[in-house]
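S.K.: Take a look at the following structure, please.
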Amino acid sequence: MSAAAPKIRLFVDGALSPGASVAATDAQAHYLLHVMRRAPSDPVALFNGRDGEWRAVVQTPSKRHVVFEVQDQLRAQSGTPDLWLAFAPVKRIDVVVEKATELGVSALLPVMTRHTDVSRINFDRLRATTIEAAEQCERLSVPVIQPAQNFDPFLAQWPQARRLFYLDETGGGAPIATALQDEVTNSCGFLVGPEGGFAQSELDALALLPSARGISLGPRILRAETAALAALACWQALSGDWRAGLGGLANQSLIP
Ligand code: SAM
């Protein structure tokens, strides 16, 4: 991000263009006025996942309300890798969602497998987690969180053209570096199982899916959240935007 860009970055829903006026949410207004003690005309950076990143200034039409007056574009919208993470919800689901956002996933797909022992998912909290992580890591988009699916319909609806790398802790998969170097793919997804692992019937069904390939992350049994993030990191290093050298942001088309 250019050195002149404001420190505070916020995700907004509204369209971003010169002179646009975008209302802050109540939570954003509280954060700006009472936590960060921002004053009228202080700058912030806004992004909405469509229009790139824009400088805006804080306006306070009333004591409790904040409106952003959009000024100039700081960064053009750039794509994120077409990388999905499907995961059986685990106790530390927030860690999975936050770190996967930092690692550049474009979609998060909760999958209820046989041994999944988390039954309720707080989607509002997960959405807030993805937004905060996107603001912090300076990406220009927020991953989509799909509704939870049971394993069978998830597999039946998986797009045939999209490679599905499933993390098989039983040793049935190929070493991840081998599998990823075999096919530098731009559109793929990873599937990680629950604390109790995949059921054998699930592994059998995955083995029969033409677009699926089992992956091994070595001899140790990793926590699901560790396995998910390790796989995403390997993919980013071998196939993704980590190959951009100095960090993706340094190469993004910055508006002078
Ligand atoms: N059922 C396993 C056991 O108790 O031995 C533990 C499952 S592990 C905690 C959760 C998930 O992380 C697994 O289903 C798998 O998707 C992934 N995982 C963990 N270690 C892995 C490894 N070495 N290779 C591939 N996937 C792994």
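S.K.: Quick check on the chain: of the DSSP beta bridges with both residues there, what percent are antiparallel, nearest 5%?
M.R.: The answer is about 35 percent antiparallel.
S.K.: What full-extension length gain, to one decimal in nm, is calculated for LEU238 and ALA76 as 0.36 nm per residue of separation minus the Cα-Cα distance?
M.R.: So the chain would gain 55.8 nm between LEU238 and ALA76.
S.K.: Moving to a separate point now. Need the C-alpha centroid separation for the range 107-174 versus the range 2-42, integer Å.
M.R.: With the range 107-174 and the range 2-42 each reduced to a Cα centre, they are spaced 30 Å.
S.K.: Can you give the charge dipole size of the range 80-254 about its Cα centre, rounded to the nearest 20 debye, using +1 on the beta carbon of Lys and Arg and -1 on the beta carbon of Asp and Glu?
M.R.: The calculation lands at about 40 debye.
S.K.: With θ set to phi - 60° and the Karplus curve 6.51 cos²θ - 1.76 cosθ + 1.60, what are the ³J(HN,Hα) couplings of the range 81-94 in order, to the nearest whole Hz, using x for Gly and Pro?
M.R.: Values per residue, Gly and Pro as x: x, 7, 10, 9, 10, 9, 8, 6, x, 10, 4, 9, 4, 5 Hz.
S.K.: Per residue of the range 227-234, in order, report the coupling 6.51 cos²θ - 1.76 cosθ + 1.60 (Karplus, θ = phi - 60°) as ³J(HN,Hα) in whole Hz, putting x for Gly and Pro.
M.R.: 4, 4, 6, 5, 5, 4, 5, 4
S.K.: Tell me which residues come under 5 Å, amide H to amide H, from ALA212 once H is placed; ignore anything under 5 positions away on its chain.
M.R.: Correct list: LEU164.
S.K.: Can you list which of the GluC sites (Glu not before Pro) found in the range 162-237 are DSSP loop residues with at most 14 other C-beta atoms within 10 Å?
M.R.: The qualifying sites are GLU183.
S.K.: Separate question: Using the alpha carbons of the range 91-214, what is the convex hull volume per residue in cubic angstrom, as a whole number?
M.R.: 114
S.K.: Could you work out the relative contact order of the range 1-120, using alpha carbon pairs under 8 angstrom and six or more residues apart, expressed as a whole percent?
M.R.: Answer for the range 1-120 is 23 percent.
S.K.: While we're looking at this one, here's another question. Give a residue-ordered list of calculated ³J(HN,Hα) values for the range 62-71 (Karplus: 6.51 cos²θ - 1.76 cosθ + 1.60, θ = phi - 60°; whole Hz; x for Gly, Pro).
M.R.: For the range 62-71, the Karplus curve yields 8, 4, 10, 9, 10, 10, 9, 9, 6, 10 Hz.
S.K.: For the chain, count the residues as N, evaluate 2.2 N^0.38 Å, and divide the Cα radius of gyration by that value, please.
M.R.: Cα Rg divided by the expected 2.2 N^0.38 Å: 1.12.
S.K.: Using Cα pairs closer than 8 Å and at least 6 residues apart in sequence, work out the relative contact order for the range 120-229, in percent.
M.R.: Across the range 120-229, relative contact order equals 32 percent.
S.K.: Say the dipole of the chain comes from +1 at the beta carbon of Lys and Arg and -1 at that of Asp and Glu; which of VAL22, PHE190, LEU209 then lies farthest toward its positive end?
M.R.: The listed residue farthest towards the positive side: VAL22.
S.K.: Expressed as a whole number of Å, what is the distance separating the alpha-carbon centroids of the range 54-72 and the range 75-89?
M.R.: 29
S.K.: List the equivalent ellipsoid semi-axes of the range 9-75 in whole Å, largest first, each obtained as the square root of 5λ for an eigenvalue λ of the Cα gyration tensor.
M.R.: 19, 11, 10
S.K.: Please state the charge dipole magnitude for the range 9-75, taken about the Cα centre, from unit charges on C-beta atoms (+1 on K and R, -1 on D and E), reported in debye and rounded to the nearest 20.
M.R.: Working: 8 positive and 7 negative charges, 44 e Å.
Dipole magnitude for the range 9-75 comes out near 220 debye.
Read-outs throughout are calculated quantities, based only on the coordinates presented, and are distinct from any laboratory measurement. Just so it is clear, the model here is predicted, and its values are computed rather than measured. With ideal geometry, Cβ positions are generated from the backbone for all residues, glycine too; neighbour counts draw on all protein chains shown.
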